[in-house]
Amino acid sequence: MAELRTPRNDLVGETDLGNDIFGLAEGPFEHYERKLEVLPDGDGHRVTERFSYTMATPVWWVVFWWPMRYGLRRRSNPWWAPPERLDARAARVLSLLALIQVVDGYLGTVITQTITFAADEFDRSDTAQGLTLALVRLGIIVALVVVALADRRGRRSLLMGAAALAVVITALGAASTGLWFLGSTQMVARGLTMGMGILIGVFAAEELPRGSRAYGVSILALSAALGAGMAVWVLPVADLDERGWRIVYLVPLLALPGLVAVARRLPESRRFSANRPSMTSSRLLRPTSRSAEHRRLLLLATTAFLLLVFAAPASQFQNDFLKDHRGYSASGIALFTLFTSTPAGIGIFVAGRLADTRGRRGVGAAGLVAGTVWLVASYYLSGGLMWASHLVGVVLGALTVALGVYGPELFSTTHRARANGIIVTLGVLGSATGLVLVGVIVDRLDNYGHALAIVGIGPILAAVLVLTRFPETARVELETLNPDDVPLAESPD
């Protein structure tokens, strides 16, 4: 009885309203109330505990309805909950960003899933595919424009505008007359989606509590994976007709009404509001701060290059490998991708929790090394061993999500989006390098295993940098990492 009458401080923070009624002090709820009904029952009492609440998780409440109901019955923080409790605003913003991330994940996957079928229709080689995929990476110029504007005008408007425009331009790919037309439209669309991805990560870091930033990144990564999976679900239409792959580019148009609804509910980032350029013109970065940011930028950009010189071709050429080297149909490719990639959610979720509770560096480095080794091995194998090796590689490689939070954490608010844009640019350069290199090697040697083993040196070197040069940022406030920022307590909001 004494425990039940004590305000909770676990999944929800309660305040005692008197008369055995407890209200919301902090938690991921729009409304919350817990009431005790105590009646005599023989020599003791019969106690009924009733909850009334509305979760602050638009759309996603469907997923969390049963876990929340089960979790509230126990006075503890469930395994699926963030390490540091979210308030209503943080839960709402993370949920809305996750919805946008689903769209972003789909848009970022269509060219990967369809390039081999488009190349067949247009009768183009592996080298042409690699060059087209490299051309698409030039869309980073568009992304840089988006993020530069976001540092001056705000996260919300640029994010929602880029999302809507990316959907429309992606749909133009359905009218492609050749591989270069498809590549050109995707160059712009992927540039916008890259800008979306950067802004979503920055937005989340600026809104979430210090002990749950990596958790938020993992939730967003899972949302992106869901969107990418949706593209795989649609892929079997490519088996119906040589031109069937074009339908994959039209599906995102269905998301436009949802994006409009999200735009109406998504607020501007709190930290951007507190550090608007016009409000912080007198708070220029000190020379020591600029020097530190430059070193951080070089370190993160180099790591991104080394990782993506392997990760991009390992992902982008997977369908071509399965189709031309293992004889898989579109349906077979979809089945392989869903079976071996869906469990990556385990690695992503574990990476987020461990990165917040144990630290980012060890988790990220383990993912870089183990993921690379198992994925390279899968390109030398066939049958069940290939499936198993790829599955293990994807799950372990997902641990690198722990490193995704560094970009938003290590830069001041007025430079955060642009700095992450530059990091992504170097990562894209690594992607393009890897794609062209692997495409040329495969055309000459006809062996994906050899090609990926060569570029797999990159992530191994990246792991060395992570362990020896990266700072540990778990559970540290952004204003501590970036002392030139205005503390939220000083914000006029």
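Coordinate-derived values only; no laboratory data. None of the values given here were measured: they were computed from a predicted structure. Methodologically, a virtual Cβ is constructed for each residue, glycine included, from the backbone with ideal geometry; neighbour enumeration extends over all protein chains shown.
Along region 346-357, what does the Karplus equation 6.51 cos²θ - 1.76 cosθ + 1.60 (θ = phi - 60°) give for ³J(HN,Hα), rounded to whole Hz, x for Gly and Pro?
Rounded to whole hertz, the list is 4, x, 5, 5, 4, 4, x, 5, 5, 5, 7, 9.
How would you rank Arg34, Arg243, going from fewest to most other Cβ atoms within 10 Å of each one's own Cβ?
Values: Arg34 21, Arg243 14.
Placing the least packed residue first, the sequence is Arg243, Arg34.
Please list, in chain and number order, the residues 5+ apart from Gly13 or on another chain whose amide H is under 5 Å from its amide H, with Hs placed from the backbone.
Placed amide hydrogens put Ala25, Glu26, Gly27 under 5 Å from Gly13.
Among Asp126, Asp241, Asp443, which comes first, second and so on when ranked by fewest other beta-carbon atoms within 10 Å? Before the final figure, lay out each step's value.
Numbers: Asp126 21, Asp241 11, Asp443 14.
By the 10 Å Cβ count, ascending: Asp241, Asp443, Asp126.
Expressed as an acute angle from 0 to 90° and rounded to the nearest 10, what is the orientation of the C-alpha long axis of helix 140-153 relative to the principal long axis of the chain?
30 degrees
Mind listing the phi-derived Karplus ³J(HN,Hα) values for region 264-269, rounded to whole Hz, using 6.51, -1.76 and 1.60 with θ = phi - 60°, and x for any glycine or proline?
3J(HN,Hα) across region 264-269, in whole Hz: 6, 9, 7, x, 6, 4.
Once every DSSP H run of n ≥ 4 in the chain is given -39500 (n - 2.57) and the sum is divided by its residues, what mean residue ellipticity at 222 nm do you get, rounded to the nearest 500 deg cm²/dmol? Before the final figure, lay out each step's value.
Working: 21 runs with 310 residues, N = 493.
It lands at -20500 deg cm²/dmol.
For region 402-410, just list the computed ³J(HN,Hα) in residue order, Karplus coefficients 6.51, -1.76 and 1.60, θ = phi - 60°, integers in Hz, with x standing in for Gly and Pro.
Per-residue couplings from phi come out as 4, 7, x, 7, 4, x, x, 7, 9 Hz.
For a quick check: sort Thr112, Thr6 by the number of other beta carbons within 10 angstrom, fewest at the front. Present the calculation step by step, with values, prior to reporting the outcome.
Numbers: Thr112 20, Thr6 12.
Ordered from fewest to most neighbouring Cβ atoms within 10 Å, Thr112, Thr6 come out as Thr6, Thr112.
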